[in-house]
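*Asks:* Structure in structure tokens, see below.
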């Protein structure tokens, strides 16, 4: 038995293995945002996605393994090139991906121009239309989060919400669901999510070496 354990440890240690946490991801994003500021890009923003406890493992282009430490974070940085084109770059616990050019849709353009609405609107927490005296049936909730940070010149707007607050997935109807899903931030979020889904399914994200 000891020989088998020793052999397993020896094999595992021979594989190049990296683990990176949220700090690693934040450092990459901060560096990218600083570069965009130095380039005097006036309009830029990012969205950070994560679900508590969700761990991901990847095989890198050089064959090494990389995994998240406790939670996997993916961040999507957007910056405006001109009135019709934006650039998108993904970052995660295992590094950065090559930037992608995307067209700016009418809805996205409209929302990004309406900065005061983005600033004042707030996502309300999930509120059931009834009070549950025995809440044990409602405890198994997947805790997934979205965090946005917008840079418009010198103005910064920071927003965050839980995906659960947009849903009706609990025992009782969420009375704030309709309000939340009508917000400009959430309309923008859904457009970005659909875009990212299509890029992921189409194999458009390529890791930088």
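The values are calculated or read from the model by the stated rules, or taken from the named source; none is laboratory data. In this text, all values refer to a predicted model and were calculated from it rather than measured experimentally. Positions of Cβ are backbone-derived with ideal geometry, glycine not excepted, and every protein chain shown enters the neighbour counts.
*Asks:* Only residues that are touching a residue at least 40 places away in the same chain (Cβ under 8 Å) and part of a loop (DSSP other than H, G, I, E, B): list them for segment 179-207, please.
*Replies:* The answer is 183, 204, 205, 206.
*Asks:* If we keep just the residues of segment 107-126 that are surrounded by 14 or more Cβ atoms within 10 Å (Cβ to Cβ) and assigned to a loop (DSSP other than H, G, I, E, B), which is modelled with the lowest pLDDT?
*Replies:* Taking the candidates together, the pick is 126.
*Asks:* Moving on to the next point. Please tell me if residue 181 is out of contact with any strand residue (DSSP E or B) (no Cβ under 7 Å at 6 or more places or on another chain), modelled with pLDDT of 95 or more and surrounded by 13 or more Cβ atoms within 10 Å (Cβ to Cβ).
*Replies:* Yes, satisfied.
*Asks:* Which one is nearest to the chain's Cα centre (by Cα), of the residues in segment 130-163 that are at pLDDT below 80 and loosely packed, with under 10 Cβ neighbours inside 10 Å? Spell out the reasoning first.
*Replies:* Of all residues in segment 130-163, those at pLDDT below 80 come to 130-142.
Narrowing the set further to residues that are loosely packed, with under 10 Cβ neighbours inside 10 Å leaves 130-131, 133-134, 136-137, 139-140.
Numbers: 130: 32, 131: 32, 133: 34, 134: 33, 136: 29, 137: 28, 139: 24, 140: 22 Å.
If we take residues in segment 130-163 being at pLDDT below 80 and loosely packed, with under 10 Cβ neighbours inside 10 Å, then 140 is nearest to the chain's Cα centre (by Cα).
*Asks:* Scan segment 81-102 residue by residue and report those that are free of Cβ contacts under 8 Å to residues at least 40 places away in the same chain, surrounded by fewer than 19 Cβ atoms within 10 Å (Cβ to Cβ) and either touching a strand residue (DSSP E or B) at 6+ places or on another chain (Cβ under 8 Å) or in a strand (DSSP E or B) (or both).
*Replies:* 81, 84, 85, 87, 99, 101
*Asks:* Restricting to segment 55-80, count the residues that are without any contact (Cβ under 8 Å) to a residue 24 or more places away in the chain and either closer than 26 Å to residue 34 by Cβ or not in a strand (DSSP E or B) (or both).
*Replies:* 2
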